[in-house]
Amino acid sequence: MQVGYPNAKIAVLYLNDDFGREYVSGLKEGLGDQASKMIVAEASYELTDPTIDSQILKLKASGADLFYDIAGTKAAAQAIRKMAEIGWKPLHILNGAAATVASVVQSAGLENSKDVVSVGYSKDPLDSTWKDDTGVKIFLSFMEKYYPEGDKTTSLPLIGYNGAQLMIDRFRKFCTR
């Protein structure tokens, strides 16, 4: 992680489960021997926590200038709102699982979210940018037919759908050899 921010003071928020802990582990592995110097604070939260306000206050107090947000959609939106409320403006990097327009960005407030950097790797089906995209139309049609009650404002149905499509593609290629 020497590119761009070699002297960053990093604060990390993560969900206290395998997903969150693995992200933290990967960050530390990526930073190598600099991890203990660069990561100045870590705060975890439980999925059942009503807010993550106390964690954000703790992370701000660390003096961090880079915030690595490994939160789910609800906590990510709360983090963005709380950070705006208290005037904490580090570089905010949001993990891909929470990088959704409807459930995070709009929920947190567009003005509050404008400088957040996300690491999304798929098209957000609720982002108007993709309204005419064939793949997004196919996904939304699939949801309508097979999972109409599914929450399209979160990334989980799309992640599942993309994984299933990849598996189907690999099975087809494998079975036609």
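Every read-out reported here was derived from the displayed coordinates using simple, explicitly stated rules and does not represent laboratory data. Predicted, not measured: the structure shown is a model, and the values here were computed from it. For neighbour counting, all protein chains shown are included, and Cβ atoms are generated from backbone atoms with ideal geometry for every residue, glycine included.
Relative to the current alpha-carbon distance between residue 33 and residue 86, full extension at 0.36 nm per residue lengthens the span by 15.9 nm.
Mind sorting 54, 122, 155, 113 by how few other Cβ atoms lie within 10 Å of their own Cβ, fewest first? Could you put the intermediate results ahead of the total?
Values: 54 12, 122 17, 155 24, 113 21.
Listed from fewest to most nearby Cβ atoms, that is 54, 122, 113, 155.
Relative to the longest principal axis of the Cα atoms of the chain, helix 73-86 runs at roughly 30 degrees. Sites listed here are chymotrypsin sites (Phe, Trp or Tyr not before Pro) in the stretch 109-141 whose DSSP assignment is loop and whose Cβ has at most 16 other Cβ atoms within 10 Å: 121. Magnitude of the charge dipole for the chain, about its Cα centre and with charges confined to Cβ atoms of Lys, Arg (+1) and Asp, Glu (-1), is about 400 debye.
Checking the cross-link pairs 58/114; 60/152; 89/131 against a 27 Å limit on the alpha carbon distance flags 60/152; 89/131 as lying beyond it.
As a proxy for reagent exposure, 117, 104 were ordered by neighbouring Cβ count within 10 angstrom, fewest first; the result is 117, 104. The Cα trace of the stretch 123-177 gives Rg and Dmax of 12.7, 40 Å, the first to one decimal, the second as a whole number. Which angle between 0 and 90 degrees, to the nearest 10, do you get for helix 156-175 versus the longest principal axis of the chain when only C-alpha atoms count? Approximately 50 degrees, to the nearest 10. FRET efficiency for the residue 117 to residue 172 pair, using the beta carbon distance and R₀ = 41 Å, is estimated at 0.70. Here the convex hull built on the C-alpha positions of the stretch 1-142 has a volume of 125 cubic angstrom per residue.
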